[in-house]
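To start, the structure under review is shown below, and the notes come after it.
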Amino acid sequence: MIEIEPFSGIVYNQKKVNLAKVVTPPYDMIRPEQIEEFYKRSPYNIIRLILGRPNHKGDWFERAATCFKKWMKEGILERHKKRSIYPYYIRYTKGNEERCLKGFIARLRLEPFNKGNIYPHEQTFNEVVSERLKLLKACQANFSQVFGLYSDVKNKVIEAIEGGLPSSPFIEIEAEGTRHCVWQLTNEHIISQIKLLMHDKKLIIADGHHRYQTALAYREEMNALFPNAPRDASFNYISVYLSNLEDPGLDILPTHRLLANGCIPNFRLDEFFNKISKIFKIMCYNDQKTFWKTLREIGEYRTAIGFYFHGYSGFFIFVPKEAMGGLDVTVLTESIIKGILNLEESRLGEEIYYVSKGEEAIDLVKKGKYKMAFLLNPTKVSQLKEVISRNQLMPPKSTHFYPKILTGLIINSLKDE
């Protein structure tokens, strides 16, 4: 059973800050070179609470906690008096089509994955969970939401929300071509309806696997310290953004892989192609437009993995000579990155950079910032459901759900109200 609850969110005081200058994408979507940019954008940018500067030592978690307390004391951040659920809509354009992803922010009662109500679909790294746990213990707050998906073919949850939606959002902001609108819903009758409608749902974690694992680890520590804590103690919950898997505004983009220059120091392209050719048929294209078109067409019926290498003008597609089970990203990870390139599991999080825009991936390799790019088709919703039904896990960053929610709009304090 899925249990959600309203909570008193912490928000930026828009009389004191320009909201557009203080929010960021989720921490794991921020490139290293962007960190300093967000630090300079505003002295109150949420980056100070979610990521240390690259040259910061291990004490940045305590700096974040000090900063968080200071902003609360100065009124830069303020806590809502009423416990609320926060409808959150994201409007964007795809091609010539206007689209809108509809969802809401609430607290979700934590439970282990083996209970069968909340499903992960990607692997996680222990070192990332360890780092995020230090931040959570220092600040005792969720600065961003786990993005969860539920199935609701008749769209009853959103219909219930819209039955009591306030006339205007209290947050309305443009960010990177998307428009974000958030309302504060305090109507207890509507909230009860939403809670009841969510009871029999199953949740798929779309984004935030590390945040969820971190919250489970934190809850375990807190239960050991406070064995008699009430069932509704704040550490038993996590802040989530929930949306309908069938929402027409939900898009899944590919997540291309870029390998750092130093991760395979003795790499030779001829040796690589020799090994690849034993397992895959190699197709080469000089025209980038033809390459992308062919990659999509092959991907409709079988595995197809694109490849681009620094200093080489052609674009390649690898197609397995024999049928391989699993998703394209799984074949890439197991057969090529681990199997042929011999990159160890423990290094995947450090040596691979993920980007959703294929042209950007190619451009970064052209400029020599990365050695090579592996280019993929997006995972389909049907494939995602199949993986979940089999209790399988995809490699990290197998999916890129779009649009992304912003970090810094609604903060969930884990200090009991």
Residue match in region 4-22 (condition: part of a helix (DSSP H, G or I), farther than 17 Å from residue 172 by Cα and touching a Ser or Thr at 6+ places or on another chain (Cβ under 7 Å)): no
Condition met for residue 33 (surrounded by fewer than 17 Cβ atoms within 10 Å (Cβ to Cβ), touching a helix residue (DSSP H, G or I) at 6+ places or on another chain (Cβ under 9 Å) and in a helix (DSSP H, G or I)): no
Residue count, region 148-159 (criterion: surrounded by 12 or more Cβ atoms within 10 Å (Cβ to Cβ) and more than 18 Å from residue 108 (Cα to Cα)): 3
Positions within region 145-196 being assigned to a strand (DSSP E or B) and β-branched (Val, Ile, Thr), in sequence order: 146, 171, 173, 178, 182
Residue in region 179-192 that is at pLDDT 95 or above and closer than 30 Å to residue 362 by Cβ present: yes
Matching entry among 344, 300, 271 (being exposed (fewer than 12 other Cβ atoms within 10 Å of the Cβ) and under 30 Å from residue 90 (Cβ atoms)): 300
Members of region 15-40 found to be among the polar types (S, T, N, Q) and touching a residue at least 40 places away in the same chain (Cβ under 8 Å), listed by number: 24
Matching residues, region 278-328, being touching a residue at least 40 places away in the same chain (Cβ under 8 Å), in contact with a Pro (Cβ under 8 Å, 6 or more places away or on another chain) and outside any helix (DSSP H, G or I): 280, 281
Restricting region 248-268 to residues that are out of contact with any Lys or Arg (no Cβ under 6 Å at 6 or more places or on another chain) and within 30 Å of residue 182 (Cβ to Cβ), the residue that is surrounded by the most Cβ atoms within 10 Å (Cβ to Cβ): 254
Residue among 44, 12, 86 that alone is under 24 Å from the mean Cα position of the chain (by Cα), closer than 30 Å to residue 231 by Cβ and buried (at least 19 other Cβ atoms within 10 Å of the Cβ): 86
Residue, farthest from residue 5 (Cα to Cα), within region 193-210, restricted to residues that are touching a residue at least 60 places away in the same chain (Cβ under 8 Å) and out of contact with any Asp or Glu (no Cβ under 9 Å at 6 or more places or on another chain): 206
Candidates 105, 90, filtered to the one that is touching a Cys at 6+ places or on another chain (Cβ under 9 Å), under 30 Å from residue 387 (Cα atoms) and aliphatic (A, V, I, L, M): 90
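The values are calculated or read from the model by the stated rules, or taken from the named source; none is laboratory data. These numbers come from a predicted model, not from an experiment. Positions of Cβ are backbone-derived with ideal geometry, glycine not excepted, and every protein chain shown enters the neighbour counts.
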